Each structure stands twice: as C-alpha cells, then as structure tokens.
Amino acid sequence: MLPPLFLGLDLSTQQLKASIIDEAENLLYEEFIHFDSDLPHHGTQNGAHYGDREGEVTCPVVVWLEAMDVLFDRLTEKHSVDFGRVLAVSGAAQQHGSVYWNAKGVEVLGKLDKSKGLVDQLEGGFSLERSPLWMDSSTTKECRQLEEAVGGAQNLADRTGSRAYERFTASQIKRLYDYDRPTYDATTRISLISSFVASLFLGKIAPIEIADASGMNLMDITSGKWDRELLEVCGGEALKVKIGEEPVGGGTNLGKVAQWWVERYGFNQVTAEEAQGYTNRAGGTNFVDCIVAPFTGDNPSSIVSLSSPGDAILSLGTSTTLLVSIPPSPDPPLCTTNSHMLAHPTTPGGHIGMLCYKNGDLARKSVRDKHYGGSWERFDLSIKSTSSGNGGYLRFYFPMKEIIPDGVIGEFGFKSGKLVDGEEEDFKPSYSRAICETQLLSIKSRLHHILPHSIGHLHRCIVTGGASANETILHLVADVLDLPVYVAATSASATIGGGLLAQFAWWKATKEGKENKTFEDMREEVGATKNLKKVLDPRKHESEIYDAILPVYEECEANIIELCKSK
C-alpha cells in the first residue's frame, strides 16, 4: 500500500508554491508559479500593482486563480502527482491581505464545472477585483480613527495584539466602508488571502484561521473571538455576517475537498484495499477522503514548521523578524505598540510574539561598505578582534525610518551611555560589532518585557535568512540572547508548515482519542524532527556582559527616541 501524502501551499507576495510531504515529513514534490514571469500578462511588479492613490498596493484576484490552475496542471503533467494519495491539504498565505466576494462568486464557488479552470469560472466573482496587500500603506487616517475609537493605540494593542497598522485588514475594510459604500454593500463575504485559498478547496467560504485572524485588528487576542465593537467601527452591523464564523484553530477538519478537485485532478480516488490499510494504520475511523484544514499566515506557518513552544525564530534577511512561540501561561504575554502578539495556530492558549525591524541586512551592508571596503571577511574580523560590549561603545544605525522603536532615523553613537558626536577619533571601536550588538540588544530588551515570567527561559533560537550562514554573527546571537543557536535545513518553511498542518488535521481525524492531542504529540508519534542543526551554545561569561549592558542600552535608545521627536 502506498503511504498517504499531505499537500501544503504557500501563496506569498510573488509566487504560489506547493510542497507535498509524506508522514515522515520527507519532501517529495515541489513546484511554484512566479507571478511576474509565469503570468506576465497581468502586469504585476514583484507580485503587485501600485495604484494611483498614495501608498496603494494591490494584486488582482485573477492572478491567484490562474496561478492555482497552472500550478495544479504542472503538478499533474510535469510531476505526475497521484492526488488520490493526498489525504489532507492546508497551507499559508501572505498575511493581512483581504479578498471581497460578491454573491455571484459565492454561488459559483459551490458548483464549479470540472471542464473549466478556476479563473474562467470565478473571474467577476469579486466586488473588489484587486485585493489590498500587506504592502499597502494608504489607510493611515483609518488607523488613527480605529485607535481613537477604543481609547488609543495601547488599548487597541491590549485588545487585538497590535496597534493599528495600515497593512492590517481592519483599516482596509474601514476605508472601503467609509469611501465606497456601494462596493462594500455588494460584498457578500470577506476572506483573508489564506482563507480564500482554503475556500477554493472546500467549494464554500472557509472560516478564518485564528493565528491569521490575529493580524487583522479585529479579533480579541485573549478570547480568540471577533471583537464586536471593532467590527461595528470598521464595517457596521453587516461586517459580522461578511466576516463569518468565529476563527478556528489550525489542524481543524473543515470537511473534504470539493467535487471539482475530485473530478478534475483525481483527489479522493483511494482504492478499497488502500482504504482498509489506512484504517488499520489509523487504528480508528476510516477516513480516506482528502480533507481541508484551515490555511494560516506565512509567519505562523513558519512557526509550525521550525519551532516548538518556548523557541524563537530569528530571520536575518533584508529586514529582521523575530517570532517567539509562547506556551500557555497563567500570566499572559505583554502587548505593546511596537510588537505584535498573535494566537498560536496549533497550541490553544499559546501565542506568537513578533518583532519586525526595517533596518536589517541593508544596514549591516552599509556598515560593511563604509568601514570595511565591502568585505564581509573584514567585517567579521573586526568583531573577532574586539571583546563583548565593544569597550562600552554603542552605535545605532537607522538608515530607514524604523518600526522599532517607531519613527527613529539616523546614526547615533554612545560611549559609556553618553551621546558622542560623529565617529570616534581617539577610540577605535568595531563598527561591525556595534551594529550587530545594538540590533540584538533591541530584541533582547523587548523579549525581556513581553514574555510571561512564568514560562522561564526560552529554549533555543533558530536562525534563518542570509546572515544565518555567518558564524561570527551567530556567535553574537547566541551570546546576546543567551540561547543555543540552530539553523534550518530547508528554506521552504511556510509550505512545509502547511503540509504539517494538513497532516495534523488528518492525524486527529483518523486516530481515535486524538481529538485533543497536540501538534507536538503527533510529531513525536511519527518520529519526525524539525530538520534543525545545532551550531552554537551561548558563552556564559559573554551573556552576563550583555545582561549588564542592557539597562544602558535601553537608556540610550530612549535618548534617541526623544532626539528624533524633537527634529
């Protein structure tokens, strides 16, 4: 008997990607559609259209529909995938973006014709032909109105996990409601991009998954339910109907794939012999039809793929992103106006803490180019030739206006906590060490404040992104954060995470007594690992130095915030 397979999709900004794994999490098939190059007739630039209104960034829904058609045709024709073996599907999508269905679209979705593709049937099924994306920054006015409606930015963060952001869904819906009421009224249902893809598989509108719902400014972060007052503020009484049922957890069985997928691509074509085998393996219910699990956001999917509760994921790419998988605790994590708190996709009561910085690798490269002739080798050597703490010298680099702390821009140097003008003449610090230390101390400071004290120390830090190959920087990560450092064996974390969520839904549905078991229980049972490699442990003495520096760092950062406010 051939073993079951699990399909994970990732609809990111620039491409749609599919990964198919088996129960042991082996990656068997992989394929992608790049929107700009594979579908050039839609005229996207890096997967988006840039509108006439300042800050407007959208993507036509038909791009994603056509990408689905082309992707599954390729999987069939190029890879000869036997979709009859795929027993569950889930996935991820770029966060915050929204899709606006009209009545025709909802109706056609439920009766798709196997002889036609998705784009041929669903084009014209949306009240907004172009969906706002996470890059959109056109709703500043709506953000301020939303915060004012609940008593300020901190109150909104306490309720939803984040202050109002232009890219979040609430402000996008509010703008449509306030400025284009006919289009809003013509909208029957509103999906996130993630639940839009799940809806295509179900043949009906899918509920929004709880972690992705956290990135909307519409869900109560404590209860995991829609905040009725915020719904009213953003879209009137009708929004509760348009947004649909309460958010659902990852790994929920939403039902089997729609008949269109069965007839067009051969899903659910399991023989009686194979069905008996799956039943025996499951030790319970005969469950051989392919089921659909909720799709989540790309960051929560990476959490599922790479980490366990108590882990941190640090992405050192163009920007710097930290994700922390926070287990349930009696004292909830702290919500702030410059961090994000999301519900965890597979751990009820758990959370994901998220920090996003603009000035990541590009800032490090600017220091490399200015002081080290463009050489990473010289950049690293400067760090190695100096000691932890850089002789009391801290230097902050914000070439772009930063998110954390919000609104700061420029370069600022401090010696023993005192602001110094320009770069040092008589004292020669390591500027490469300075930028890496201040970037990491910012993360350390915020982790100290947002994590519940009851969970104790984090377990490990998994580093991804371009700088994850730089051992010198990894040493600083380990020492500053006081965590062992691991690196990931795969870059496809969002799609692999989708496949794992699919497997989790199938595992719970087919195993008697497993309905309340955890995602970690499943991975332990199947003997899976997270494909991680441990590379470094923190050095105790060095970590103690950074613990001592932290209060000084925080004073210097507060000084910079006041300086930038006065400009």
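What the table shows:
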quantity	calculated
Under 12 Å, Cβ to Cβ, from PRO333 - net charge with Lys/Arg +1 and Asp/Glu -1	-1
The chain - mean residue ellipticity at 222 nm from DSSP helices (-39,500 (n - 2.57) per run, n ≥ 4, rounded to 500)	-11500 deg cm²/dmol
Label-to-label distance, nm, for residues given as LEU419 and GLU232 (7 Å Cα→Cβ offset)	4.6 nm
Whole-number percent relative contact order across the chain, with pairs defined as alpha carbons under 8 Å at least 6 apart	16 percent
Accessible carbon and sulfur surface of the range 116-195 relative to its total accessible area, %, 1.4 Å	45 percent
Length-normalised contact order of the range 328-415 in % [C-alpha pairs under 8 Å, at least 6 apart]	24 percent
Charge context of ARG159, other residues only, Cβ under 13 angstrom, K/R +1, D/E -1	-2
Net charge dipole size for the chain [Lys, Arg +1 and Asp, Glu -1 on Cβ; Debye, nearest 20]	140 debye
Charge dipole (the range 13-128, unit charges on Cβ, about Cα centre) - positive-most of THR13, PRO40, PHE126	PHE126
From the coordinates shown, Rg and Dmax of the Cα atoms in Å corresponds to which of [x] 24.2, 81; [y] 27.5, 85; [z] 25.3, 79	[x]
Solvent-accessible area per residue for the chain (1.4 angstrom probe, square angstrom)	39 Å²
Cα-projected label distance for SER566 with ASN516, points at 7 Å along beta-carbon direction, nm	5.9 nm
Highest-first arrangement of 140-147, 288-295, where packing means the average Cβ count within 10 Å	288-295, 140-147
Rounded FRET efficiency, nearest 0.05, which uses the C-beta distance separating GLN154 from VAL552 and R0 of 22 Å	0.25
Net length gained if the chain between LYS116 and LYS540 were fully extended (0.36 nm per residue, minus Cα distance)	146.4 nm
Loop-located chymotrypsin sites (Phe, Trp or Tyr not before Pro) in the range 368-469 whose Cβ has at most 13 other Cβ within 10 Å (DSSP)	PHE427
Loop GluC sites (Glu not before Pro), the range 16-104 (other Cβ atoms within 10 Å of the site Cβ: 12 or fewer; DSSP)	GLU54
Among beta bridges that DSSP assigns inside the chain, antiparallel share in %, nearest 5	75 percent
Solvent-accessible area, 1.4 Å probe, carbon plus sulfur percent, for the range 14-91	43 percent
Span-like helix ranges in the chain, DSSP H, alpha carbon extent 30 angstrom or more, Kyte mean at least -1.0	540-566
Neighbour-limited loop hits for GluC sites (Glu not before Pro), the range 497-529 (at most 16 other Cβ within 10 Å; DSSP other than H, G, I, E, B)	GLU512, GLU515
Cβ-based charge dipole, the chain, positive-most Cα from THR438, VAL99, VAL57	THR438
R0 of 35 Å, Cβ-Cβ distance GLU471-ARG74: FRET efficiency to nearest 0.05	0.35
The range 375-507 - percent relative contact order, Cα under 8 Å, separation 6 or more	21 percent
Summed residue charge, Cβ within 9 Å of SER195's Cβ, Lys/Arg positive, Asp/Glu negative	-2
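The values are calculated or read from the model by the stated rules, or taken from the named source; none is laboratory data. Quantities reported herein were computed from a predicted structural model and do not represent experimental measurements. Glycine also receives a Cβ, built like all others from the backbone with ideal geometry; neighbour counts cover every protein chain displayed. With ligands, DNA and RNA removed, areas are computed over all heavy atoms of the protein, side chains included. Shrake-Rupley method; radii C 1.70, N 1.55, O 1.52, S 1.80 Å.
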